[in-house]
Amino acid sequence: MRPRSQNRQSIGSLSWTKRLLSLWNLENIKVVKRVIVSVVGATVLLIGVALLILPGPAFIVIPIGLAILATEYAWARRWLRKVRRMASDVVSSRDRTAPRDSRI
């Protein structure tokens, strides 16, 4: 009698695991990942925007937020490219206009 009850429990646990695995299909994981990336990226981006007014490294935090969002969204990739281009233009123009030290 005992083996028969163990057999019923294993069958019951098998259907439980099948139901659990069916909930964890690939589409659900993609949606959860996108939601997590969206929340974290938007939070970091909004903190960066707030740091434009508040004291802090806004020009470092904003590209980090865009980079997080760029892992999932094409519009964030485009904005990140624009930010990188603007930053490289600022650095290159700063190098051209920097006064040279004439001393040896």
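The values are calculated or read from the model by the stated rules, or taken from the named source; none is laboratory data. Just so it is clear, the model here is predicted, and its values are computed rather than measured. Quick reminder, even Gly has a Cβ in these numbers, built from the backbone with ideal geometry, and neighbours come from all protein chains shown.
Would you say LEU14 is loosely packed, with under 12 Cβ neighbours inside 10 Å and either at pLDDT below 90 or touching a Pro at 6+ places or on another chain (Cβ under 9 Å) (or both)? It is true that LEU14 is loosely packed, with under 12 Cβ neighbours inside 10 Å and either at pLDDT below 90 or touching a Pro at 6+ places or on another chain (Cβ under 9 Å) (or both).
Any chance you could count how many residues in the range 41-57 are buried (at least 16 other Cβ atoms within 10 Å of the Cβ) and either assigned to a loop (DSSP other than H, G, I, E, B) or free of Cβ contacts under 8 Å to residues at least 12 places away in the same chain (or both)?
Narrowing the range 41-57 to residues buried (at least 16 other Cβ atoms within 10 Å of the Cβ): 41, 44-45, 47-48, 51.
Then keep just the ones that are either assigned to a loop (DSSP other than H, G, I, E, B) or free of Cβ contacts under 8 Å to residues at least 12 places away in the same chain (or both); that gives 51.
So the count comes out to 1.
Restricted to the range 58-103, and to residues there that are part of a loop (DSSP other than H, G, I, E, B) and not basic (Lys, Arg), the residue that is modelled with the lowest pLDDT is SER102.
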